[in-house]
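One structure is given below, encoded as structure tokens.
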Amino acid sequence: MDKVFGNIINGKEETDGEKIPLNSPVDGSLIGYIVNSGRETVERAIKSSREAFIKFYASSTISSRQKLIGKLADIVQEKAETYAQLESQNTGKTIRQSTFMDIPLAISHIRYFAETDEFKFQRNITHPEYPGTEGIVQNAPMGVVASIAPWNVPFLMAVWKVIPPVLAGNSVVIKPSHYTPLTAMELVKDMKVAGFPDGLVNLVNGTGRTTGTYLIESDNIDMISFTGSTPTGSKVMEQAAKNIKKVSLELGGKSPNIVFADADLDHAVKGVIFGIFLNAGQLCESASRLIIEESVMDKFLEKMKTYLDSMKSGNPMEFETDISAITTREQKDKIDSLIKETVDAGGKIFYSRNMKDAPDHGIYFPPTLLSGLHPGSRVSDEEIFGPVLTVYPFRSEEEAIELANGTKYGLAAGIWTRDLNRAARIASMIQAGTVWINEYHLLSAAAPRGGFKKSGIGRELGIEGIMEYTQTRHIFYGNNASGMSDIAYGILIKST
Ligand code: NAD
């Protein structure tokens, strides 16, 4: 019988309801069917999370929650190989990437939240206007967080969407992408094994058009934590405005890698390739624009070609394969049409990798370099979300900064130079939430990340990422020492 991936509500998997087929982008094989949840199911999941929030928050502390998070890290660590297999089969990312990057990175992030002592929950204050009085400022949980995740790094995204809110005292209803629910489901099941109470994290499967919409339309959630494309983020924010819900939005990008002639070019070539071709360019922070000092451009591109020629295409489930699949057919069609439009408008395909060893019936797009482009064209300004690098020469520092900041996005950037004064000067002019100097894609759980401009609102990771899931409560401890009885109340009430 075909496997059905259902919802996890109140600790039980439910597989009833409408089904959507789930195929692997590796070779097109059928993985199983996922449930497409309706409004009634979504509301039931929210209600269960509300009940769990009320019970659990009152009876837990930061340290008891951190203990459970630590246990979860141990369980996931033991099953790391299973997680890596599921992740690669579901997304088409290479098994090497899942095994050595996505899964261990996610585990280290779970551990960070289990161990960080940065989140204190409350601080004491005095009130200068009322001598002798004290107060407490609390970072109280929001309540029930509706977490919505994309398909490109499903396990890491599930960790980011579930663990920081739970640490801050919330409960969660998570909706993974209907293309890639497998590792998020495994995580929620393993939370039960770790000892988290049933219902604290519920998972509903389904498309954005149906399940996602029902989740954000509900007036029974307290916050929406969304990661996905900028156009969907805009719809989410519009809906949140109607119900006055807090939102955090982690959206798309069009990140630049700026390479100066004085950079360590051998290191920079590797960093630029890693920046765009990791995960076949399907990362929000993918450095899809190379902004390169004109005097070294030709030499640099030739070096890139040599490395790209040596990368192995093939079945992503084999450890020797370097090039990941494209996770969805829709995404591949989008990339195809953007490249066709660019070439029709005079853009030049400078390089396109042969992909003949990739499995039949899988979804693949060759690593591609495009040159002869100008800012203002769609391919230069819009997120491609595929293994396509566009190249722009520059002659001055000012021109490099202008090109780098010249899109509506502002997620990340890379600067490659041996002159660290220049790097620092430029980094502080770049409109982006993360700037790497002489590296790319190095994520740390301690470092907040998120977007400037249309790349988002709010931060994930670090103390800022935990605080995102809180709201501030001030508790004022009054006493007679405030003098209020004699002075302020006397404004209204005459003393007797
Ligand atoms: P998407 O916007 O299509 O979907 C994201 C999620 O939202 C999915 O779970 C989807 O089902 C759901 N959704 C879609 N329409 C919805 C609606 N109307 N209401 C509620 N939910 C809805 O994005 P995607 O194609 O899954 O992911 C790729 C995008 O995600 C890229 O733009 C990428 O840059 C972005 N991304 C950003 C970050 C970040 O941290 N900034 C990280 C990863 C991915």
Practice prompt. Exactly one condition in (1) open to solvent by 10 Å² or more (accessible area, probe 1.4 Å); (2) more than 16 Å from the ligand (Cβ to nearest atom); (3) in contact with a Phe, Trp or Tyr (Cβ under 8 Å, 6 or more places away or on another chain); (4) of a type outside the set (D, E) is not met by Y179; state its number.
Written response: (2)
Discussion item. When you check L403 against the structure, is it away from the ligand (no atom under 16 Å from the Cβ), under 13 Å from T342 (Cα atoms), in contact with a Phe, Trp or Tyr (Cβ under 7 Å, 6 or more places away or on another chain) and aliphatic (A, V, I, L, M), yes or no?
Written reply: no
Item to complete: Scan segment 2-33 for residues that are buried (at least 21 other Cβ atoms within 10 Å of the Cβ) and either among the β-branched types (V, I, T) or more than 13 Å from L182 (Cβ to Cβ) (or both) and jot them down.
Response: N7, I8, I9, V26
Item to complete: Check segment 315-322 and report whether any residue there is open to solvent by 10 Å² or more (accessible area, probe 1.4 Å), part of a loop (DSSP other than H, G, I, E, B) and within 19 Å of H441 (Cα to Cα).
Response: yes
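If we scan segment 294-311, do we find a residue that is more than 16 Å from the ligand (Cβ to nearest atom) and part of a loop (DSSP other than H, G, I, E, B)?
Looking for residues that are more than 16 Å from the ligand (Cβ to nearest atom) and part of a loop (DSSP other than H, G, I, E, B), one finds at least one in segment 294-311, hence yes.
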Fill in: Residue ranges of strands (runs of 3 or more DSSP E) in segment 101-151 with at least 2 members closer than 30 Å to F274 by Cβ
144-148
Discussion item. What's the total number of residues in segment 263-292 that are open to solvent by 40 Å² or more (accessible area, probe 1.4 Å) and either in contact with a Phe, Trp or Tyr (Cβ under 9 Å, 6 or more places away or on another chain) or within 17 Å of L443 (Cβ to Cβ) (or both)?
Written reply: 4
Worksheet item: From the residues in segment 193-222 that are surrounded by fewer than 24 Cβ atoms within 10 Å (Cβ to Cβ) and within 19 Å of the chain's Cα centre (by Cα), which one is nearest to the ligand (Cβ to nearest atom)?
Response: G208
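Any idea how many residues of segment 333-368 are assigned to a helix (DSSP H, G or I), of a type in the set (D, E, K, R) and within 24 Å of Y392 (Cα to Cα)?
Residues meeting the conditions: 5.
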Fill in: The lone exception for L403 - which of (1) among the aliphatic types (A, V, I, L, M); (2) open to solvent by 10 Å² or more (accessible area, probe 1.4 Å); (3) in contact with an Asp or Glu (Cβ under 9 Å, 6 or more places away or on another chain); (4) part of a helix (DSSP H, G or I) it fails
(3)
Fill in: Single condition I384 does not satisfy, out of (1) away from the ligand (no atom under 14 Å from the Cβ); (2) modelled with pLDDT of 95 or more; (3) in a loop (DSSP other than H, G, I, E, B); (4) open to solvent by less than 30 Å² (accessible area, probe 1.4 Å)
(1)
Discussion item. I want to confirm something. Restricting to segment 469-483 and keeping residues that are more than 16 Å from the ligand (Cβ to nearest atom) and open to solvent by less than 50 Å² (accessible area, probe 1.4 Å), which single residue is nearest to E134 (Cα to Cα)?
Written reply: S482
Practice prompt. State whether the residues of segment 241-248 include one that is open to solvent by 10 Å² or more (accessible area, probe 1.4 Å), closer than 27 Å to G433 by Cβ and near the ligand (Cβ under 7 Å from one of its atoms).
Written response: no
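Rundown of residues vs (1) over 14 Å from the mean Cα position of the chain (by Cα); (2) open to solvent by less than 10 Å² (accessible area, probe 1.4 Å), yes/no style:
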site	(1), (2)
S396	yes, no
T434	no, no
A446	yes, no
G450	no, yes
R459	no, no
M467	yes, no
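The values are calculated or read from the model by the stated rules, or taken from the named source; none is laboratory data. Because the structure is predicted, anything quoted here is derived from the model rather than measured. Reconstructed Cβ throughout: ideal geometry from the backbone, glycine too, with neighbour counts over all protein chains shown. Areas reflect the complete protein model, heavy atoms only, side chains present, ligands, DNA and RNA absent. Shrake-Rupley method; radii C 1.70, N 1.55, O 1.52, S 1.80 Å.
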